[in-house]
Amino acid sequence: MCTVISLHNVSKSYQQHQSILQAVHSVSLNIDKGEIHGVIGASGAGKSTLLRLMNVLETPDQGIVVVNNQTLTTLSNRKLREARRSIGMIFQHFNLVANKTVFANVAVPLELAGYSKKAKGDRVKECLEFVGLRDKAHQYPAQLSGGQKQRVAIARALANRPAVLLCDEPTSALDPQTTAGILDVLQTVNKELGVTIVIVSHEMDVVKSICDKVTVMESGEILETVSIESQAYIIPKNDPKWFLQQLTEKERNSNA
Amino acid sequence: MPEIILKYQAEIWQSIGETFVMVGISIFAALLVGLPIGTLLYLCRKGQMLENRALYSSLNIFVNIVRSFPFLLLVVFLIPFTRFIVGTAIGTMAATVPLSIMAIAYYSRLVEQALLEVPRGIIESAVSMGASVPEIIFKFLFVEARSSLLLGLTTSTISFISYSTVMGIVGGGGVGDFAIRYGYQRFETELMIYMIIIMIFFVQMIQYTGTTIAKKLDKR
């Protein structure tokens, strides 16, 4: 197996008023090609910072970051921008440009990469087709549901055919049904396109259901990295009667 | 049409024209210089892309100083500078100099505020895509802030109209100056009221147009 992302003794700290917060402390981690790698931990454990170090959205204080055989930590600004085009990223709050249509949002990374108008149009359609939103191309993000917005964000992240997809709490703003849908899409991205996925989440069910390997973090350090057998994500029923049943059962229990 | 308006028809049209020249050039200056300064103010802030304390402080102090001047004093204070730029300190063109300086300071602050409203996550996603600073400005910041930028320009334009009314002091003319000289100083109260009505009409039109277009542009 070849390594796609590798962190060597990477540290990151923040100045907070008088004190210094050590968000990530001397972490080394290798992520193999084709893997779905989960990072889990409590709030403030440093998992989001760790993810942002992988595309140098956060510049490490120390250590080396290598992605796709390029040492990102030593690249010039210009080269770093080019390298980032083959590292897709999606976020908890989608971060779509609200004043651009779905089509225009997915087209942005292609414009940055200098695609011609024709090639851009074709590629955008392809990406929207992949996430099942081709019919929404001319709508604005505000007209979409949360799950649809995250699909658009995935299409946008995939537009430049990245080797790696970084996901920062991709389902934490979504309900369980929608979460299952997004996890399906991510799995397809991994299986069909061979994209290596890193997924940061505080939801154990999410990590359990799609990851091959999981890194557990605690106060800026890696506690352990384990290989797991992924289990199907269990979707709670969306039936109002089921909700009622759950609620009243609890009440009955407490009455008893 | 009231008789008094017919009597002063030519002067009224001329004063409206002068107001348009003064306010028009101020808007132009606000867009040409105020928009870049406001964008720089935003970019050079602490924790932003081009964090630069020295540049931020100088721009910030410039904007604050200009805006803290009582406008009449700014006009007088800038007379030597105005003479240097347009060759004279008297007349409508001369009046556009202090107005433009005020317009630049005023609009750049509103631009900074509009850009600060853009969610940080959007900038983060732009950086993660490999966008350069100019690309972030034109493909993300200005797109997301466009309705606030337009509303800011609308507010500014209305302030420029108000500022332009005192330009009589350097012979700038305009509707306000006409109302004071003919309406107030010659005791033609009726004429003064008509001029005020004309100003109210302009302000209403500008605000309505600005708000309507901003609403159309806003898809958030």
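The values are calculated or read from the model by the stated rules, or taken from the named source; none is laboratory data. Values in this document were obtained by computation on a predicted structure and should not be read as measured data. Virtual Cβ from ideal backbone geometry, glycine too; neighbours counted across all protein chains shown.
Take residues that are over 17 Å from the mean Cα position of the chain (by Cα) and either surrounded by 22 or more Cβ atoms within 10 Å (Cβ to Cβ) or within 14 Å of chain A (Cβ to nearest Cβ) (or both) and tell me which of the helices (runs of 4 or more DSSP H) falling wholly in region B:128-192 contain 2 or more.
B:133-136, B:175-178
Is it the case, given these coordinates, that B:LYS219 is at pLDDT below 95 and within 14 Å of chain A (Cβ to nearest Cβ)?
yes
Quick grid of which residues meet (1) within 11 Å of chain B (Cβ to nearest Cβ); (2) among the aliphatic types (A, V, I, L, M); (3) surrounded by fewer than 21 Cβ atoms within 10 Å (Cβ to Cβ):
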{"position": "A:THR49", "(1), (2), (3)": "no, no, no"}
{"position": "A:ARG52", "(1), (2), (3)": "yes, no, no"}
{"position": "A:LEU57", "(1), (2), (3)": "yes, yes, yes"}
{"position": "A:VAL66", "(1), (2), (3)": "no, yes, yes"}
{"position": "A:LYS79", "(1), (2), (3)": "yes, no, yes"}
{"position": "A:ALA113", "(1), (2), (3)": "yes, yes, yes"}
{"position": "A:SER116", "(1), (2), (3)": "no, no, yes"}
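Could you tell me how many of the residues in region B:178-218 are touching a helix residue (DSSP H, G or I) at 6+ places or on another chain (Cβ under 7 Å) and closer than 16 Å to B:PRO2 by Cβ?
Number satisfying all stated conditions: 13.
Could you list, in sequence order, all residues of region A:1-55 that are under 21 Å from the mean Cα position of the chain (by Cα) and β-branched (Val, Ile, Thr)?
A:THR3, A:VAL4, A:ILE5, A:VAL10, A:VAL24, A:VAL27, A:ILE31, A:ILE36, A:VAL39, A:ILE40, A:THR49
Looking for something under 30 Å from A:SER13 (Cα atoms), touching a Lys or Arg at 6+ places or on another chain (Cβ under 8 Å) and assigned to a strand (DSSP E or B) - is there at least one such residue anywhere in region A:150-164?
Within region A:150-164, none of the residues are under 30 Å from A:SER13 (Cα atoms), touching a Lys or Arg at 6+ places or on another chain (Cβ under 8 Å) and assigned to a strand (DSSP E or B).
I'd like to check which helices (runs of 4 or more DSSP H) are fully inside region B:1-68 and have at least 2 residues that are surrounded by 17 or more Cβ atoms within 10 Å (Cβ to Cβ), modelled with pLDDT of 95 or more and not basic (Lys, Arg).
Fully inside region B:1-68 and qualifying: B:9-29, B:35-44, B:53-68.
Scan region A:7-21 and tell me whether some residue there is within 14 Å of chain B (Cβ to nearest Cβ), in contact with a helix residue (DSSP H, G or I) (Cβ under 6 Å, 6 or more places away or on another chain), at negative phi and crowded, with 17+ Cβ neighbours inside 10 Å.
Scanning region A:7-21 turns up no residue that is within 14 Å of chain B (Cβ to nearest Cβ), in contact with a helix residue (DSSP H, G or I) (Cβ under 6 Å, 6 or more places away or on another chain), at negative phi and crowded, with 17+ Cβ neighbours inside 10 Å.
Mind checking which residues of region B:87-101 are β-branched (Val, Ile, Thr) and either in contact with a Cys (Cβ under 9 Å, 6 or more places away or on another chain) or within 18 Å of B:ILE27 (Cβ to Cβ) (or both)?
Passing the criteria: B:THR92, B:THR96, B:VAL97, B:ILE101.
Scan (1) at pLDDT 95 or above; (2) closer than 21 Å to A:VAL164 by Cβ; (3) at the interface with chain B (Cβ under 9 Å from one of its Cβ atoms); (4) surrounded by fewer than 21 Cβ atoms within 10 Å (Cβ to Cβ) for the single condition A:LYS100 breaks and write down its number.
The number of the failed condition is (2).
Which residues, taken from region A:143-175, are over 28 Å from A:GLY114 (Cα atoms) and among the small types (Gly, Ala, Ser)?
Within region A:143-175, A:SER145, A:GLY146, A:GLY147, A:SER172, A:ALA173 meet the criteria.
Go through region B:95-127 and report how many residues are surrounded by fewer than 19 Cβ atoms within 10 Å (Cβ to Cβ), charged (D, E, K, R) and either within 10 Å of another protein chain (Cβ to nearest Cβ) or part of a helix (DSSP H, G or I) (or both).
2
When you scan region A:172-191, do you find a residue that is modelled with pLDDT under 90 and surrounded by 12 or more Cβ atoms within 10 Å (Cβ to Cβ), even just one?
Taking every residue of region A:172-191 in turn, at least one turns out to be modelled with pLDDT under 90 and surrounded by 12 or more Cβ atoms within 10 Å (Cβ to Cβ).
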